[in-house]
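Down below is the structure, laid out as structure tokens.
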Amino acid sequence: MRDAGGMYIVDGHRRHAAIGLALERGAPLEDPRDGKVWIPMVLFEGNDADRTARIITSAANKPLTPLEMAEGYKRLRAFGWSPAHIAKKVGKSTEHVQQLLALGDAPNAVREMVTTGDVSASLAAKTARSLGGEKAAETLAAQVAEAKAQGASRVTPKTIGGGKTSASQARADSKHLDFLINEGARVCQGSRSDLATPDGQHGYWLEWPSGATQPGIFETARLAIDTAIKQQITT
């Protein structure tokens, strides 16, 4: 119930809109006893936070997009709900909630890549959560540029480095990405000169939180990542 009178629709927005459209087109929905249109409803009991959670979980026929869910989770967080409490209320894992909160908090550049379909929501969320704002945007932008250069339409964990991957390669890529994210490393793209690359070649390399950079330069992000992981493991 609204303090000013009337009611909020918590669940059933599309059904309500469909009834309105049917009436506009002359559908005979009026009750013959009084000539009014009656819509069955169930009174929702709860506060604003509970209502937000209900809206998130009620979108079964037309699921919310990851970005829409992220905004919903941010609203629940603003009510003081922890990720664990949000997860319990919406029937998801705490990890899922934390990932989407990171996506919702990400810079516009990251969210725009998800909106346009250049980057999968799962990869954007994971990268944003682990690398944070600008680093995530830079890393994803480099991966988008590489993927498009190789003919891919979007970036997912499987397309990092380009080309179609086998199941085993996809699992390896996922482990590689997890490793780098945990270390806080980022993918860099451009030209550079160092002892391993004296001629200033163009390509990819990694940079670590300490400020150290990966020696050399590589044709693809995957090659840079593979080499960097080997260097990290053996040092």
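Brief remarks follow.
- Checking each residue in segment 5-28 for being modelled with pLDDT of 80 or more and of a type in the set (A, V, I, L, M) picks out LEU21, ALA22, ALA27.
- Within the option set SER168, SER174, SER122, SER82, being under 30 Å from LYS230 (Cα atoms), modelled with pLDDT of 75 or more and open to solvent by 30 Å² or more (accessible area, probe 1.4 Å) holds for one residue only, SER122.
- Tallying residues that are open to solvent by less than 40 Å² (accessible area, probe 1.4 Å) and either farther than 15 Å from THR139 by Cα or in a loop (DSSP other than H, G, I, E, B) (or both) within segment 205-217 yields 4.
- In segment 87-100, the residues that are over 14 Å from PRO63 (Cβ atoms) reach residues that are surrounded by fewer than 17 Cβ atoms within 10 Å (Cβ to Cβ) and among the polar types (S, T, N, Q) with C-beta atoms within less than 7 angstrom, at least six apart or across chains, in these pairs: ALA87/SER93; ALA87/THR94.
- Matching residues in segment 102-121 - criterion: being of a type in the set (Ser, Thr, Tyr) and either in contact (Cβ under 8 Å) with a residue 40 or more places away in the chain or under 21 Å from ALA78 (Cβ atoms) (or both): THR115
- Selected residue (criterion: farthest from TRP81 (Cα to Cα)) from residues of segment 30-42 that are aliphatic (A, V, I, L, M) and either open to solvent by 100 Å² or more (accessible area, probe 1.4 Å) or at pLDDT 80 or above (or both): VAL37
A quick yes/no check of all residues on (1) open to solvent by less than 20 Å² (accessible area, probe 1.4 Å); (2) on the phi > 0 side of the Ramachandran plot; (3) of a type in the set (D, E, K, R):
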| site | (1), (2), (3) |
| --- | --- |
| VAL114 | no, no, no |
| ASP118 | no, no, yes |
| LYS126 | no, no, yes |
| GLU134 | no, no, yes |
| ALA137 | yes, no, no |
| ALA147 | yes, no, no |
| GLN150 | no, no, no |
| SER153 | no, no, no |
| THR156 | no, no, no |
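- Residue in segment 93-115 that is part of a helix (DSSP H, G or I), at pLDDT 90 or above and farther than 26 Å from VAL144 by Cα present: no
The values are calculated or read from the model by the stated rules, or taken from the named source; none is laboratory data. This is a predicted model, so every value here is computed, not measured. Cβ coordinates were reconstructed from backbone atoms using ideal geometry, including for glycine residues, and neighbour counts include every protein chain displayed. Side chains included, ligands, DNA and RNA excluded: accessible areas come from the protein's heavy atoms. Shrake-Rupley method; radii C 1.70, N 1.55, O 1.52, S 1.80 Å.
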